[in-house]
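Read-outs: derived from the displayed coordinates by stated rules, not from any lab. Note that the coordinates shown come from a computational prediction; the quantities given were computed from them, not determined experimentally. Note that we place each Cβ from the backbone using ideal geometry, even for glycine, and neighbour counts take in every protein chain shown.
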Amino acid sequence: MKILAVSHACITDVNQQLYVELNKISGNDVTLCVPATWRSEYSTDLIRARVLPDVTFSIERLPVNLPGNINMHFYKSGINRLLTTTKPDVLFIDEEPWSLAAAQWLQLSRKYKVPAVVYTMQNIYKQYPFPFNLLEQRCYKTAQSIPVLNDEARAVLKRKGFQGDAPYLPLGCDLTLFHSDRTKRAVVPGLTGVVLGYMGRLVPDKGVDTLIEAAAILLSRDPNLDFSLLIVGAGAEEEKLRSLANAKLKTGTAMFTGSVPHNQAGDYMRAMDVFVLCSRTRPNWKEQFGRVIVEAMATGTPVVGSNSGEIPVLINLTGGGMIFEEGNASSLADCLISLIQDAGRRAELGETGQRCVRSQFTHTAVAFTLNCILHDAVVNATTGRA
């Protein structure tokens, strides 16, 4: 099966691993199209596309207008040539249904009569202005199927009138980075006791202040409780969170590392005894999946997560953690104290979550799921099924 995939996210090389695994499946021939340049939310500098060393297939880096704008970027040139030279059996568009890039590639799918599959993660019902509302509806009529990252995204599709297939397609993790070999644990000076950790962006949506407040509650209950906080990441809230930790916690309780290279992320995850994800629901956002949850579980680390969006669904599915009420530091503290004081429970949850992740949430497992979705799209297009 010749597959042409389009993904702005794959300008970041680690996101190409799914397509590495997809290309390994017997009979597949993958071509991946990414923007030649992109703009990060953390910098105004242009990022140039890089290729993962494991890639053995063609990656086309084409110029885009509005690099960095997820919904409004579009390709300036080269896409007609790409479609005519690759002659794909199916087109996989990893862009939201209302985006200009999706509309652009869907137009070509109609022109060249290539079945298209469009991926959506949006789990909040939103009404988009003209012309994006029309592009969205046109996508619903054109796409052979629209796989979803979560059940709420499927509900949004149905509410908006999409009547086709919307199979589940989760995110995967890299077991070469996220594994349970604790002998390769990162050496982070100053950590003592049970390490409670977070890894990700330091922004209000992620609710890291709830973790710091919960730690303060733990110390108020028992000043001698032996634990540390390890906060890995960077973002607009970093200085505010550092100040909060200094004001609320004993000196040395919280360790901030700043951002770390992706190839070292697993080492820092293995330095944690409990991973905590405190995401908060906003009017225009809630957690769509939480890939960091499956990455933590892949290392055998139990997860305590808020009930924002997909977090409780993923924790219940894997059996690898506990759930607290989002924004409620006392509720979080109750979960944490039970795990701090019970190493056996931590180990049990860690092993349960790891088993599930290894069977369902590796890049290899997700690639086989995607392969079935794309194969069905080709068959259904051939037989005339919508």
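Tabulated data for the structure shown
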{"item": "18 Å reach of a label modelled at ALA234, 7 Å along Cα-to-Cβ, counting backbone N of segment 245-266", "result": "255-266"}
{"item": "Pair ILE70, THR369: separation of 7 Å Cα→Cβ label points (nm)", "result": "1.9 nm"}
{"item": "The chain, helix-only ellipticity at 222 nm - DSSP H runs n ≥ 4, -39,500 (n - 2.57), divided by all residues, nearest 500", "result": "-11500 deg cm²/dmol"}
{"item": "Label-to-label distance, nm, for residues given as GLU351 and ASP226 (7 Å Cα→Cβ offset)", "result": "2.3 nm"}
{"item": "Alpha-carbon centroid distance for the pair segment 1-37 / segment 216-273, whole angstrom", "result": "36 Å"}
{"item": "GNM top mover of SER26, SER338, SER330 - the chain, alpha-carbon springs below 10 Å", "result": "SER26"}
{"item": "DSSP bridge orientation in segment 182-360 - percent antiparallel, rounded to nearest 5", "result": "5 percent"}
{"item": "Mean Cβ neighbour count within 10 Å, used as a protection proxy, ranking 57-65, 246-254 highest first", "result": "57-65, 246-254"}
{"item": "Enclosed volume per residue, in Å³, of the convex hull spanned by Cα atoms of segment 182-360", "result": "109 Å³"}
{"item": "Stokes-Einstein D for segment 77-121, Kirkwood Rh over Cα pairs, 20 °C, 1.002 mPa s (µm²/s)", "result": "202 µm²/s"}
{"item": "Förster-model FRET efficiency, 35 Å R0, ASP342 and ALA155, C-beta, rounded to 0.05", "result": "0.40"}
{"item": "Order of ASP226, ASP94, ASP376 - criterion: other Cβ atoms within 10 Å of each residue's Cβ, fewest first", "result": "ASP226, ASP376, ASP94"}
{"item": "Between segment 148-204 and segment 99-126, the alpha-carbon center distance in angstrom", "result": "24 Å"}
{"item": "Contour minus Cα-Cα distance for GLN264 and THR383 (0.36 nm per residue)", "result": "38.1 nm"}
{"item": "Mean projection area, nm², convex hull over Cα of the chain", "result": "18.7 nm²"}
{"item": "Residues ARG242 and ARG48, FRET efficiency given R0 of 35 Å [Cβ-Cβ distance, rounded to 0.05]", "result": "0.60"}
{"item": "At least 24 Å along the helix axis (C-alpha) and Kyte average at least 0.5, DSSP helices within the chain", "result": "363-383"}
{"item": "GNM result for the chain, Cα springs below 10 Å: residue of LEU230, LEU149, LEU66 fluctuating most strongly", "result": "LEU66"}
{"item": "Highest-MSF residue in the chain out of TRP105, TRP38, TRP285 [GNM, Cα springs under 10 Å]", "result": "TRP285"}
{"item": "Tail beyond 15 Å, pair distance distribution of segment 14-108 (Cα, percent)", "result": "64 percent"}
